[in-house]
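Step one of this worksheet: look at the structure below.
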Amino acid sequence: MLVEGLLVQRSRYDIQRAAYLKWRDAPSGMSAELAHEFMGALKAGSTVRKLTCGERQYGPAMVTPGRFKKHCELNPEWAKEAINISKENVIFLKGAWARRMTLCRARLHPMVGNNVKLYGNGVRRCVACAEETAKRIPTPLTEAEKEKLKSLFAKGITFSQVCQGKPIGGGQRNPKLRIADARDLRHARASDSAFDKFLTQAMVGNKRRGQQLRWSRSRARVARAKSEQDARNYFAIQAMVPAWVPRQNKFDVVNSVAEDFWGGRIDRDGLRARVAHYVNDINNNLHPVKFAKFGDSPLVSLDEALFVDGSTTRGDTISRGLWD
């Protein structure tokens, strides 16, 4: 902030106050001008995270995440286009460091001209390194290394894990899991028929076991996500119950509403109304209006007629006042 030619750093209060005044009385979501500016920033190469997080490395946020999500709910077509552009920008930015490389990973060959091979997914490879790898003479495996590989394959390890570091059942590659080079292993199998026969028999069913492990992990992730969502819904229902409801009755209300919700009898929009219904029942049980405050006789109206063929009411029979 510039004050009479001097640069003055704004305090946190001033920044928060300016943000509050900017969005005060603004409707939900984003205005048409702001949405157009937001889309322009995405097409220029930015991402949704950069434009909404407000981190120091990205500068001030253009809009809050809540307003962005609300605008997406109100404009699904705009949201679909914005998210797709942001995903493409994320993929492009993740490979930016590789495009800026002037030398290969071995720091031996320049990544320019015909020495660069570009794959369909945008990955750049060094041609000289690939040629040197292809010309490399395989290193024969020792008998100790072969015995170690036999014991590992007998326990169910896969070829991908041994040569690429990719764990069984899928997952990120880990260089620490890599044991042997694929070229050396192929050479050992080609030169030793007994070793090749053992590995062929040991790897039978590896694909089936890997798929079973993969889908069991997937089911576990789905079950965990469902249980976490159920817990969030339970606590959300609990927060809807008024504070004056006794503890035991509160849990009865929460459990009844949760049972109706998980049973499919109500949706999420009907939770608050169902909570009010059960709370009303609790209130009627705690403070009944059909019986007198003292005693257990039901309440009657003083205007009720005593006889079917007469006009005398109960109030007419009162001969004494309360304080007589």
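The numbers here are math on the coordinates, done by the rules we state, and not lab data. Because the structure is a prediction, the values reported are computed rather than measured. When we count neighbours, we look across all protein chains shown, and the Cβ atoms used for this are built from the backbone with ideal geometry, even at glycine.
Couple of notes before you dig in:
- Acute angle (nearest 10 degrees) that the helix 32-43 long axis makes with the longest principal axis of the chain, alpha-carbon atoms: 20 degrees
- From phi via Karplus (6.51, -1.76, 1.60), per-residue ³J(HN,Hα) for region 57-71 in Hz, x at Gly/Pro: 5, 9, x, x, 6, 6, 7, 6, x, x, 5, 5, 5, 5, 5
- Neighbourhood charge, 15 Å Cβ-Cβ cut-off, centred on P242 and excluding it, Lys, Arg +1 and Asp, Glu -1: +2
- Overall form of region 2-94: oblate. Here a/c, set by the Cα gyration tensor axes a ≥ b ≥ c, is 1.5 or more, and a/b is not larger than b/c.
- Label separation (C53 vs A194): 5.8 nm, computed from points 7 Å beyond Cα along the C-beta direction.
- From most to least packed by mean Cβ count within 10 Å, the peptides 235-244, 307-316, 40-49 give 40-49, 235-244, 307-316.
- Global geometry of region 51-102, whether rounded, prolate or oblate, following the gyration tensor of its Cα atoms and the 1.5 cut on a/c: oblate
- Calculated FRET efficiency, R247 to A273, Cβ-Cβ distance, R0 = 41 Å: about 0.95 to the nearest 0.05.
- Pairwise centroid distance, computed over Cα atoms, of region 219-275 with region 99-162, Å: 54 Å
- Ratio of the Cα radius of gyration of the chain to 2.2 N^0.38 Å, where N counts its residues: 1.85
- If a spin label sat at a point 7 angstrom from the Cα of K87 along the line to its beta carbon, no backbone N atom of region 217-259 would be nearer than 17 Å.
- Take the Cβ atoms of R125 and E33, set R0 to 56 Å, and the FRET efficiency comes out at 0.80.
- Evaluating 6.51 cos²θ - 1.76 cosθ + 1.60 at θ = phi - 60° for every residue in region 137-151, the Karplus couplings come out as 7, x, 8, x, 7, 7, 5, 5, 5, 5, 5, 5, 5, 4, 5 Hz, glycine and proline recorded as x.
- Förster radius 30 Å - calculated FRET efficiency between R265 and A239, Cβ distance, rounded to 0.05: 0.90
- Proximity of backbone amide H atoms, modeled 1.01 Å from N, is registered between V116 and V127 at under 5 Å, excluding neighbours fewer than 5 places apart on the same chain.
- Measuring between alpha carbons in the structure, the pairs from K87/K207; K50/K166; K117/K150; K135/K207; K50/K117; K148/K207 lying more than 27 angstrom apart are K87/K207; K50/K166; K117/K150; K135/K207; K50/K117.
- Each label point was placed 7 Å from the Cα along the Cα-to-Cβ direction; for E147 and M203 their separation is 2.3 nm.
- Label-zone membership for region 32-49, site R99, 7 angstrom Cα→C-beta point, backbone N under 19 Å: 40-49
- Mean separation of Cα contacts under 8 Å, 6 or more apart, over the residue count of the chain: relative contact order %: 7 percent
- Simple spin-label estimate for S256 and A79 in nanometres, 7 Å along Cα-Cβ: 3.5 nm
- Segment F307-Q211, length gained on full extension (0.36 nm per residue, minus Cα span): 26.2 nm
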